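What follows is a single structure, written as structure tokens, with notes after it.
The values are calculated or read from the model by the stated rules, or taken from the named source; none is laboratory data. Just so it is clear, the model here is predicted, and its values are computed rather than measured. Positions of Cβ are backbone-derived with ideal geometry, glycine not excepted, and every protein chain shown enters the neighbour counts.
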Amino acid sequence: MNDKLAFLKTVRPFDILPDDVLEGVVELLQEVRHTKEAVIYHQEVTKMPGVDIIVEGEYEAFFYDSTQTRRVVEFHRPGYCFGGVSVLLNRKRSLRTVIAKKGTLVYFLPRKDFKALCQAYEEFLHYFTAEFGKRMIDDEYAHFVKRPITYDENFIASDQLYTKKVETIEYREVVACGNDTPIYEAARLMAEHKTSCLFVKDDKQDIVGYVTDITLRDNVVAQQVSAQQPVSSIMDNPIVSISTQAYVYEAILMMFQTKTRYMLIEDNGNYLGSISRNKLLSEQAQSPFMFIQSVKLARSVGELRKKWYKVPEIVFQLLDRGVKAEIVNQMITTISDTIAVKVIEEVINEIGQPPAKFVFMVLGSEGRKEQTLKTDQDNAIIYEDKANEQRELVREYFLRFADMVSDRLNTIGFSFCTGGFMAKNPKWTHSLSHWKRNYESWISEAVPETVIKFSTFFDCRYLYGEPAIIEELKEFLDEELQKPLGKLFFHMGNNALQYEPPLTFFKNIKTFTKDSKEVFDIKKAMTPIVDLVRVYALKNRIFKTNTGERLQALKAKGIFTESEVQELLQSYYFLMSLRLKRQAGQIMNDKKEPDNYIDLRSLTKIEQVTLKEIFKTISNFQSYIKVEFKNSLFA
């Protein structure tokens with residue numbers, strides 16, 4: 001083992017890994033000998049099982065051109081790690097053909113363990129991406145790289161477009177008028193139903209045409225047609241329909257072939273509803289961002305619920321591809337925000353415009369843009385101060401509004417907050433002056449209970465309404481935080497130090513038994529980073545809400561060094577990645593509510609070693625802060 005370890009320390013980029021991690025890697029290595037002129041990998045054919053570290057001998061790597069001539073020939077000798085670029089950036093397929101020379105010995109590292117190292121150590125990953133980037137500057141090399149950095153899989157399923165039936169698509173009810181309806185009345189109906197397509201029926205109640213926003217623009221406004229004319233005189237046709245039992249790809253092809261933007265869905269001769277081409281395409285697009293667009297087009301609470309239940313699969317596949325947990329968090333947050341805004345707008349449409357300006361803000365992990373798949377509601381409402389005679393009317397509206405929004409979010413899948421930190425709770429729906437008094441009392445009292453509230457509500461983020469209201473609140477807080485607040489920071493720091501990373505005296509991971517499994521709580525393991533970074537952000541009057549953004553702002557102020565920030569960021573998002581993947585797997589595979597417990601047996605050796613390093617980092621960070629406490633940093 002010592003010989004392998006010493007050798008591995010000479011191999012790029014393994015030489016940058018901690019010694020205990022390398023010891024774990026050594027246990028995973030398999031010795032493989034190749035005979036002279038043996039073809040090891042075939043260009044764009046062989047699926048790479050892992051990476052090879054050349055110990056003795058030589059690899060000859062090259063591309064075959066169309067005449068089977070070897071091009072861009074390279075020789076790789078002892079100390080070279082081959083296959084990393086192919087595994088990470090070429091759909092696991094070998095970029096080039098490889099032939100072993102006489103007496104070649106390699107250490108083979110399985111793909112899953114190699115990828116685990118890449119996810120845990122950003123510099124390790126960067127070595128391979130940088131190597132690929134340098135090679136792509138060479139025009140000849142780039143010419144032979146067919147599809148760099150692409151993925152064949154759809155983010156929800158590659159063949160879904162060809163197997164999904166029209167009946168599974170959410171469509172909207174048919175909105176129609178008679179053929180003698182005046183054009184202005186047709187336009188009014190479209191506005192009332194918030195639809196961009198109105199179907200037209202004849203005297204027998206058969207659909208004979210349709211009117212869209214474009215119809216009104218091109219056939220009415222542009223032609224200066226009187227709005228008193230019957231809608232039948234300007235409607236478009238023909239009517240295109242498709243059976244619920246047809247496949248989605250057939251519907252899309254039919255829409256392009258007929259150049260129609262709207263299609264009727266029929267079952268046994270009856271029209272059940274309609275769907276637009278834009279929505280159909282957004283449903284099938286191979287991008288999480290297009291999925292978000294499909295969320296924006298959702299029309300009902302039921303449809304929003306279906307969208308939210310697709311998120312775990314998207315999360316799992318993104319993480320499996322190596323997408324950073326930080327980016328996945330942002331995607332979850334964007335989808336969650338989009339759903340909440342849709343709900344808020346729909347409630348306002350139902351109960352009427354609010355009687356005062358307001359802001360709907362989100363708190364906690366949602367406020368920090370660090371939502372996971374085990375999430376509940378954390379939100380509140382601030383409305384502008386009104387004259388005495390209007391106060392009760394304003395409050396009555398917002399309490400009703402908050403109740404409806406919270407109930408619908410709960411139906412969609414964002415469960416009620418067990419701690420009651422949500423707008424539905426009358427304590428957290430109030431005027432701006434009331435909110436200022438809240439923060440003022442939490443700061444002045446500064447006992448552990450009020451400090452927890454202050455921490456939760458410091459992680460507040462604007463979601464909907466009048467941004468100036470939350471900005472005024474932050475300006476007020478900025479003034480308050482310039483006062484001597486030693487007691488507040490002491491309690492906040494003390495709360496942040498309550499949790500100890502789960503390491504035994506011998507630096508092994510400490511677990512407890514749950515459902516016959518040895519587990520640890522990963523949420524609690526992440527808490528010290530969130531809490532301690534928040535304390536420093538408050539102390540330095542930094543109003544960023546995201547942990548990563550706070551760390552960057554603290555570095556800019558010289559509070560943390562670059563290495564400290566990178567250590568904490570990598571630790572935090574490695575834990576976040578484990579947490580999200582575990583939760584997504586529970587929802588998809590186990591069909592159960594996700595939790596925050598990680599079974600050690602489910603982790604690779606490399607992941608376990610990385611966890612130990614992370615817990616040491618957190619523990620060291622806490623020790624450093626305890627020393628500063630004694631020196632009255634927060635006085």
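Annotations
- Odd one out for S563 among (1) surrounded by fewer than 16 Cβ atoms within 10 Å (Cβ to Cβ); (2) modelled with pLDDT of 90 or more: (2)
- Residue among I606, I618, I529 that is aliphatic (A, V, I, L, M), in contact with a Gly (Cβ under 9 Å, 6 or more places away or on another chain) and in contact (Cβ under 8 Å) with a residue 24 or more places away in the chain: I606
- Some residue of the range 401-417 being in the same structural domain as V362 (by TED's automatic domain parsing), of a type in the set (F, W, Y), modelled with pLDDT under 95 and touching a strand residue (DSSP E or B) at 6+ places or on another chain (Cβ under 8 Å): yes
- For D218, the conditions (1) assigned to a loop (DSSP other than H, G, I, E, B); (2) exposed (fewer than 14 other Cβ atoms within 10 Å of the Cβ) all hold with the exception of (1).
- Scanning the range 12-21 for residues that are crowded, with 17+ Cβ neighbours inside 10 Å, of a type in the set (A, V, I, L, M) and assigned to a helix (DSSP H, G or I) yields a single hit, V21.
- Any hit, the range 502-510, residues being among the basic types (K, R) and in a loop (DSSP other than H, G, I, E, B): yes
- Screening K112, K9 for residues that are closer than 30 Å to L318 by Cα, surrounded by fewer than 18 Cβ atoms within 10 Å (Cβ to Cβ) and assigned by TED's automatic domain parsing to the domain that holds E131 leaves exactly one candidate, K112.
- Only helices (runs of 4 or more DSSP H) whose full extent lies in the range 62-135 are considered here, and the ones with at least 1 residues that are modelled with pLDDT of 90 or more and charged (D, E, K, R) are 111-120.
- Test result for K9, farther than 26 Å from Q608 by Cα and out of contact with any Phe, Trp or Tyr (no Cβ under 8 Å at 6 or more places or on another chain): no
- All of E366, E346 fail the test of being buried (at least 19 other Cβ atoms within 10 Å of the Cβ) and within 24 Å of K306 (Cα to Cα), apart from E366.
- When F560 is tested against (1) in a loop (DSSP other than H, G, I, E, B); (2) out of contact with any Leu (no Cβ under 7 Å at 6 or more places or on another chain); (3) on the phi < 0 side of the Ramachandran plot; (4) not β-branched (V, I, T), only condition (2) is not met.
- Test: residue in the range 402-422 that is within 24 Å of I542 (Cβ to Cβ) and touching a residue at least 12 places away in the same chain (Cβ under 8 Å): yes
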